[in-house]
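Trainee: Sharing a structure with you now.
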Amino acid sequence: MFDPVIVKMLAEGFLETLYMTFVSSAVAYLLGLPLGIVLVVTDKGGIRPIPWLNWFLGVVINLLRSVPFLILLITVIPITRFITGTTLGSTATIVPLVIAAAPFIARLVESSLKEVDKGVIEAAQSMGASPLQIVFKVMLPEARPSLIVGSAIAVTTILSYSAMTGFVGGGGLGDIAIRYGYYRYQTGIMLITVVLLVIIVQVLQELGMKLAKISDKRN
Amino acid sequence: MSEPIIKIQDLSKSFDTPDGEIKVLDGINLEIYRGEIFGIIGVSGAGKSTLVRCINFLERPTSGKVFFDGKDLASLSQKELYRTRQSMGMIFQQFNLLMQRTALDNVCFPLEIAGTDKKTARKKAKELLELVGLPDKANSYPSQLSGGQRQRVAIARALATDPKVLLCDEATSALDPSTTREVLALLKDINKRLNVTIVVITHEMKVVEEICNRVAIIDSHLIAEIGTVEEIFARPKSQAARRLFYPEGKQLALHGDRCCRIVFDGNSASEPVIADMVLRFRTTVNILFADTKNIDGKAFGQIVIQLPQEEGVADRMIEYLKAKGLAVEEVEGFV
Ligand SMILES: Nc1ncnc2c1ncn2[C@@H]1O[C@H](COP(=O)(O)OP(=O)(O)OP(=O)(O)O)[C@@H](O)[C@H]1O
Ligand SMILES: [Mg+2]
């Protein structure tokens, strides 16, 4: 089992998993963060209510969120091929991961921003702050600890999704677990991948919580 | 007096709620002059917060106009409105400080919004923290400060853009009595030193007593009464005013006897007059209610007495009191 070939494979899988997770998370945040902001700002109690836009985005997000990931994975294959030129390997996996994670992140960001005290926003308005200034100078900084906790949740969720992409040849630790553990009954290798995944999740989660705590000036 | 800094004309405000439209303010007219401390008092839910929020257009009036420094706020573009709000500071019951910023950075905040450069902003913020008595708390976060200290930071923050007006919505309601007194003293000092017009929203009589020059009483969507604090204390005309000033009056029942209200407006002390009268007429009177207050070293307030049964004596007593220069009115179902 400690065959150098296998060790090398596991190490590569480990790095691939990290690569998929972080790149997907970054791209998903690029989409999800603005989306979450728009959801809060255009809400009926928000600083710039736009009911139709809020309704429309809500519907799209809910639709995407209600499709089970495995089904999404298969449905978006044409899109994946169009964007990456392939449907195999870790880079190809990034596309469905982003599509699944962005709406989830939008909701996480939305709930973090909604926690910001209405009174503080009102105070900023009373000083003549524009909606854009309120977003960047009040809502995002005030929600920072909660946004960090949210990002730890998002990243670990994306990690677990990335393992599922193993079923369609997505690469990374999930792929190894499925090829060796599921198809070839090499339980040992499967267990190691599981342990590695657990460790990554734990570390990320802890890190997120610590960072959130350090950055929070409320206590 | 000169042109008012704030002028409210026929202002009404309704809200659409699931249970239909509710009218919160109905035909409000107000003029607030430069340099004064103006109180707006009323019970909870009377619409006080809504009224201040209309002054800086955080809430747009359903009808009517608000003029600030001669400008009709409704005629301003969004950008102009943002700029105008920079000349109106506001403080709140819950302080509403940015919890993730230090005291100094909180005071810098409105300057950042206004586009002031960082160095100038920090210098100004330091001066203001000194003005409010917190020079040593610049680097503390709001969570590390007491309620009174937080309100001081909020005051410094509201003053950062050199506003002409400071709007205070229940600014002392979350503070204990001694801290309240300190914060009120600070506001009074700011009013004098910086010549900032202050609008104080409160439900507490003692706040008005302590710092206001003039006061408007707001009751069931309307302004019930408006005048100088002395006037209203001495001769409350509206039911609302009497309820606010003399809440205990309510509990007194009358038994069909003649009563009269003696008003003290700062020209005489209360005790000797009643005592002298009792000695002179050799008959006692029943004091149903008494509440006199000391404002600026003068006695204000009222005493309600039950007059003796004998017709003649009662009339002569009233004459006597009037001759002493007191305002006397016979009251029937008193408050
Ligand atoms: N956005 C809103 N939508 C619906 N109703 C509102 C809204 N804002 C205020 N109201 C209603 O208007 C009335 C007056 O509210 P307001 O906050 O102005 O009272 P207040 O005099 O400041 O009271 P308090 O002393 O409790 O602060 C209340 O009945 C309240 O429910
Ligand atoms: Mg209020």
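Trainee: Please tell me if A:Ala123 is open to solvent by less than 20 Å² (accessible area, probe 1.4 Å) and under 30 Å from B:Thr116 (Cβ atoms).
Mentor: yes
Results for (1) of a type in the set (Asp, Glu); (2) modelled with pLDDT of 95 or more; (3) within 20 Å of the chain's Cα centre (by Cα), shown as yes or no for each residue.
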residue: A:Asp3; (1), (2), (3): yes, no, no
residue: A:Pro34; (1), (2), (3): no, yes, yes
residue: A:Val40; (1), (2), (3): no, yes, yes
residue: A:Asn54; (1), (2), (3): no, yes, no
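Yes or no, residue by residue, for (1) within 16 Å of ligand 2 (Cβ to nearest atom); (2) out of contact with any helix residue (DSSP H, G or I) (no Cβ under 8 Å at 6 or more places or on another chain); (3) at pLDDT below 95:
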{"residue": "B:Ile5", "(1), (2), (3)": "no, yes, no"}
{"residue": "B:Leu11", "(1), (2), (3)": "no, no, no"}
{"residue": "B:Leu51", "(1), (2), (3)": "yes, yes, no"}
{"residue": "B:Ser63", "(1), (2), (3)": "no, yes, no"}
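Trainee: What do you reckon, is B:Val107 crowded, with 17+ Cβ neighbours inside 10 Å, touching a residue at least 40 places away in the same chain (Cβ under 8 Å) and more than 14 Å from chain A (Cβ to nearest Cβ)?
Mentor: The answer is no for B:Val107.
Residue-wise test of (1) among the aromatic types (Phe, Trp, Tyr); (2) at pLDDT below 75; (3) part of a strand (DSSP E or B); (4) closer than 28 Å to B:Ala46 by Cβ.
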position	(1), (2), (3), (4)
B:Glu210	no, no, no, yes
B:Gly227	no, no, yes, yes
B:Arg242	no, no, no, yes
B:Gly256	no, yes, no, no
B:Thr283	no, no, no, no
B:Ala290	no, no, yes, yes
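Trainee: Same structure, new question: Scan segment A:135-155 for residues that are out of contact with any Lys or Arg (no Cβ under 9 Å at 6 or more places or on another chain), surrounded by 19 or more Cβ atoms within 10 Å (Cβ to Cβ) and at the interface with chain B (Cβ under 9 Å from one of its Cβ atoms) and report the count.
Mentor: Result for segment A:135-155: 1.
Trainee: Something else: Can you say whether A:Val76 is more than 11 Å from chain B (Cβ to nearest Cβ) and out of contact with any strand residue (DSSP E or B) (no Cβ under 8 Å at 6 or more places or on another chain), as far as the supplied structure shows?
Mentor: Here the answer is yes, as A:Val76 does meet what is asked.
Trainee: For residues in segment B:26-71 being open to solvent by less than 10 Å² (accessible area, probe 1.4 Å) and more than 19 Å from the chain's Cα centre (by Cα), which is farthest from ligand 1 (Cβ to nearest atom)?
Mentor: The residue in question is B:Phe68.
Trainee: For segment B:163-219, name all the residues that are within 16 Å of ligand 2 (Cβ to nearest atom), within 14 Å of chain A (Cβ to nearest Cβ) and not aliphatic (A, V, I, L, M).
Mentor: Hits for segment B:163-219 are B:Cys168, B:Asp169, B:Glu170, B:Ser173.
Trainee: Okay, moving on. On the given criteria, is B:Glu80 acidic (Asp, Glu) and either within 16 Å of ligand 1 (Cβ to nearest atom) or in contact with a His (Cβ under 7 Å, 6 or more places away or on another chain) (or both)?
Mentor: no
The values are calculated or read from the model by the stated rules, or taken from the named source; none is laboratory data. This one's a predicted model, so the numbers in the text were calculated from it and none came from an experiment. Methodologically, a virtual Cβ is constructed for each residue, glycine included, from the backbone with ideal geometry; neighbour enumeration extends over all protein chains shown. These area figures cover heavy atoms from the full protein model, side chains too; ligands, DNA and RNA do not enter into them. Shrake-Rupley method; radii C 1.70, N 1.55, O 1.52, S 1.80 Å.
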